[in-house]
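Please read the structure below before turning to the comments.
Every number here is computed from the coordinates shown, using simple stated rules; none is lab data. As the structure is a computational prediction, the values presented were derived from the model and not from experiment. Cβ placement follows ideal geometry from the backbone for every residue including glycine, while neighbour counts extend to all protein chains displayed.
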Amino acid sequence: MSSRWPENVGIRAIEVLFPAQYVDQAELEQFDGASAGKYTIGLGQAKMGFCSDREDVNSLCLTVVSRLLERHHIKHTEIGRLEVGTETIVDKSKSVKSVLMQLFAESGNTDIEGIDTTNACYGGTAALFNALNWIESSSWDGRYALAVCADIAVYAKGAARPTGGAGAIAMLVGPQAALIFERGLRATHMEHAYDFYKPDLSSEYPTVDGKLSIQCYLSALDICYRLYRKKFEKQHPEQSQRGLQNFDAILFHTPFCKLVQKSVGRLSFNDFLLSSEQQRLEHFAGLERFNSATLESTYFDRDVEKAFLAQSAEVFASKTKKSLLLANQVGNMYTPSVYSGLVSLLIGGPAADLVGKRIGVFSYGSGLAASMYSIKVTQDVTAFEKFVAKLDYVLPLLNAREKIAPEQFSALMEVRERNNHAAPYTPTGSISALSPGTYYLKDVDALHRRSYDRTPTITNGVH
Ligand code: CAA
């Protein structure tokens, strides 16, 4: 074990999981009686992944952790900390982390710190920060940490239902990483709000104030971005006043893609408000009418929104659009959402294009907790290309999914709804629909104890 402060700490490997079944958003519009284009254009969503009663948060985490360890040939004994971020609670006491310890039983490794963290979609970022902090702390024993996030995002019938989704991400954290977290560049904002919460413990569905949730998201974005800019400019005075130009890519928590496009406009509006007279002339010509606009009065101001959407169109196209692939195709994964954006970015073009680049990340969880931070991609081209090549399974897996008609999707949602917390219970959802190497819920006994099985893996380690 080295006694030196570990260097280049960050993500050494990343694994993504999404449901094997989806519903088409254009078909869902029709089924729901919504106007054509509301979900696909208005929200920017193409497909929504969903889980039958065969999968729960435990099974998603079992699958994603197993696949990561197998794909990257990591021994179970090499893990010293495992953190889970989720808001999909199946037990008020027993952690998902403790369920994951089954995977480590055979290796005899029980010396693994970390448990679960919950605050809406922010739990994954909290888990990741805990993992990074451990590696950088005096408690670190030289082993890797794993940060896992997983959720099943389901809404009651109505306006919010098309903004559902599901998925999981596992990240192997350690020194000499491919994706390095920039020290001292985390900006956080937390406050009390009832924008989205789950007070009914018997239901999977949240209570949502849609409009307030968007206002909370945008105001947290404003605050985190301004704080990030301050911290960044203190570290890099020579790069002061460059705003979004300091990022090569910008990722966001993505409840639906349209909000992210608007968020890029919002960041550009912040840059405008923080710019000098000279900069306004150079970069924001024609926007003088907004000189006296304020952040607080413009969350839903159509003129501001339209003007800065247009002004930031090029930034969105070059720095954010690629990161929306999985969000557009799977939907809101809650805690994994922003990290699915990271995976989408990584597979969205030649790895070499990202070498040495700075990625800005905005993570948001209702209630509310939010952070903006930045990641620097390693300068080591060969190592980075290898790291990205490990994600070559993502697109084939995405394209191999099965489309389910809205009627059947709705019926499967009702099955989940009726049997949430039922015991004893044997799920009825299809096992053959699941991809190779997927853990699934076998049954729940009369004492609510859940047992799992796994679909056969493909021997070459590709799932
Ligand atoms: N063609 C094209 N666009 C159309 C259309 C059509 N036929 N019909 C409507 N639209 C547009 C609307 O104009 C609107 O776009 P703009 O806001 O740009 O004008 C968009 O489609 C959505 O329409 P509405 O605003 O009427 O939608 P709604 O009010 O019925 O529901 C919602 C939208 C509030 C986001 C709802 O889906 C919801 O509550 N979702 C869950 C909450 C959420 O995702 N909040 C996001 C921030 S909170 C967060 O980030 C945490 C989290 O993960 C939950």
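Before moving on, here are some points about what is shown:
- Whole-angstrom gap from the stretch 128-207 to the stretch 79-115, using each part's C-alpha centre: 15
- Intensity falloff of the stretch 284-350 expressed as log10 I(q)/I(0), Debye formula with alpha-carbon point scatterers, at q = 0.15, 0.20, 0.21 Å⁻¹: -0.66, -0.87, -0.89
- The stretch 269-391: radius of gyration over Cα atoms, expressed as a fraction of 2.2 N^0.38 Å: 1.28
- Rg/Rh for the stretch 370-430 (Cα atoms only, Rh after Kirkwood) is 1.24.
- The stretch 129-179: Cα Rg divided by the 2.2 N^0.38 Å rule of thumb: 1.70
- Charging the Cβ of each Asp and Glu at -1 and of each Lys and Arg at +1, and nothing else, the dipole of the chain about its Cα centre rounds to 540 debye.
- Prolate is the label for the stretch 19-173, because the ratio a/c of its alpha-carbon gyration tensor axes (a ≥ b ≥ c) is 1.5 or higher and a/b is greater than b/c.
- Packing-based order for 447-455, 336-344, using average beta carbon neighbours within 10 Å, highest first: 336-344, 447-455
- Legend: calculated FRET efficiency, residue 400 to residue 176, from the Cβ-Cβ distance at R0 = 30 Å, rounded to 0.05, equals 0.30.
- Förster-model FRET efficiency, 25 Å R0, residue 297 and residue 209, C-beta, rounded to 0.05: 0.80
- Between 246, 177, 162, the Cα set farthest toward the positive side of the dipole of the stretch 109-249 (charges on each charged residue's Cβ, about the Cα centre) is that of 246.
- Percent of Cα-Cα distances greater than 22 Å, calculated over the stretch 355-463: 62
- Per the Kirkwood formula applied to alpha carbons, the stretch 149-205 shows a radius of gyration over Rh ratio, Rg over Rh, of 1.10.
- Span from the the stretch 376-395 Cα centroid across to the the stretch 31-56 one, whole angstrom: 31
- Three principal axis extents describe the C-alpha atoms of the chain; from largest down they are 68, 62, 39 Å.
- Among 420-429, 59-68, the order from most to least packed when residues are scored by Cβ within 10 Å on average: 59-68, 420-429
- DSSP beta bridges confined to the chain are antiparallel in about 75 percent of cases.
- Mean shadow area of the stretch 1-78 over all directions, Cα convex hull, nm²: 8.8
- Reciprocal mean inverse distance between Cα atoms of the stretch 404-463 - Kirkwood radius, Å: 13.1
- Fraction of alpha-carbon pairs over 18 Å apart in the stretch 251-311 - percent: 32
- Cα centroid separation, the stretch 282-314 to the stretch 229-272: 15 Å.
- Highest to lowest packing among 173-180, 317-324, 399-406, scored as the average C-beta count within 10 Å: 173-180, 317-324, 399-406
- Over 19 Å [Cα-Cα, the stretch 208-305], rounded percent: 45
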